[in-house]
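Worksheet: one structure, shown below.
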Amino acid sequence: MKNNFPKTQLIFSALLFVVLSVVFVFLYKKINNNNQVAQEGMTKWGEEAARRNETTSLNSSLQKIAPDLGMLETHFAKSSDVVPFLDTLEKLAPKVGVTTEISSVDALPGNAGLSVGMKASGSFESVYKFLTLLENSPYELDFLSMDMQKVDKKWEVTFKINLLSFVP
């Protein structure tokens, strides 16, 4: 019986070694998989943190330039802002004593701008001041044509302008 005892211990030890080796390999693979998932999570977290920082930085930059942004937007007339643009043109006239009438408004093909036909009448000085105000307006205007005539002690100007800073 003494001969069987060391063999059973050897077989038991070998089986225990095999079982523990299988458990070790299983746990080792699980740990590697968990590490890989954790690494992917850390990468995603880092990307999100970078995006959040970028968004915060962009928001603070926008807040810093907010007063200037409003001034910049006044140089561009959007398609929804055509009426306020035309109102602006008509509001300039009474400031210098001119009466105005808008005769046509057309969008130019290919987003090239907005074409406005207008008549203005008043004294020579007031008509001249009105044209100067238009030239110095915050909008980028291109004067296509202008016809100036004296009719019954008043000067009448018919002109066609393109609003180049028009965003459709």
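The values are calculated or read from the model by the stated rules, or taken from the named source; none is laboratory data. Just so you know, these numbers come straight off a predicted model, no measurement behind them. Here the Cβ is made from the backbone with ideal geometry for all residues, glycine too, and neighbour counts use every protein chain on show.
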> Within segment 124-139, is even one residue of a type in the set (Phe, Trp, Tyr), under 13 Å from Phe159 (Cβ atoms) and within 32 Å of the chain's Cα centre (by Cα)?
Replying inline: no
>> So in segment 116-153, with the set limited to residues that are among the small types (Gly, Ala, Ser) and modelled with pLDDT of 85 or more, which one is farthest from Val83 (Cα to Cα)?
In response: Ser123
> How many residues are in contact (Cβ under 8 Å) with a residue 40 or more places away in the chain, surrounded by 16 or more Cβ atoms within 10 Å (Cβ to Cβ) and farther than 18 Å from Ile102 by Cβ when one looks only at segment 121-164?
Replying inline: 0
> Restricting the search to segment 95-143, which residues are acidic (Asp, Glu) and assigned to a strand (DSSP E or B)?
Replying inline: Glu101, Asp106, Asp142
